[in-house]
């Protein structure tokens, strides 16, 4: 017998833990320093302190969806300025509630 409630709870927990790993992966692929990424997210309206950003990238703190989107935008801007796609998913994509989501 399947535990649908338990499966849903585990899936929801996974979705809540997805933002930090997505940001960490994007940061690992770019050539930005922590300070440069921090500056870029502040320029886009981000409110994270440099230490908070470090904690997120080290997977010691989960960002809010809004924090995730600002940092993702800063990372994606770096990639698109170099003629690359925007590899870091935004919260809408991670949650699966975008236009193409379920």
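At least 2 residues being touching a residue at least 24 places away in the same chain (Cβ under 8 Å) and over 15 Å from residue 18 (Cβ atoms) is the threshold, and among the helices (runs of 4 or more DSSP H) wholly inside the range 33-102 those reaching it are 34-43, 65-81.
Within the range 12-31, restricting attention to residues that are surrounded by 14 or more Cβ atoms within 10 Å (Cβ to Cβ) and not in a helix (DSSP H, G or I), the residue that is modelled with the highest pLDDT is 30.
The values are calculated or read from the model by the stated rules, or taken from the named source; none is laboratory data. Everything quoted here is computed from the prediction, not taken from an experiment. Neighbour counts run over all protein chains shown; Cβ positions are idealised from the backbone, glycine included.
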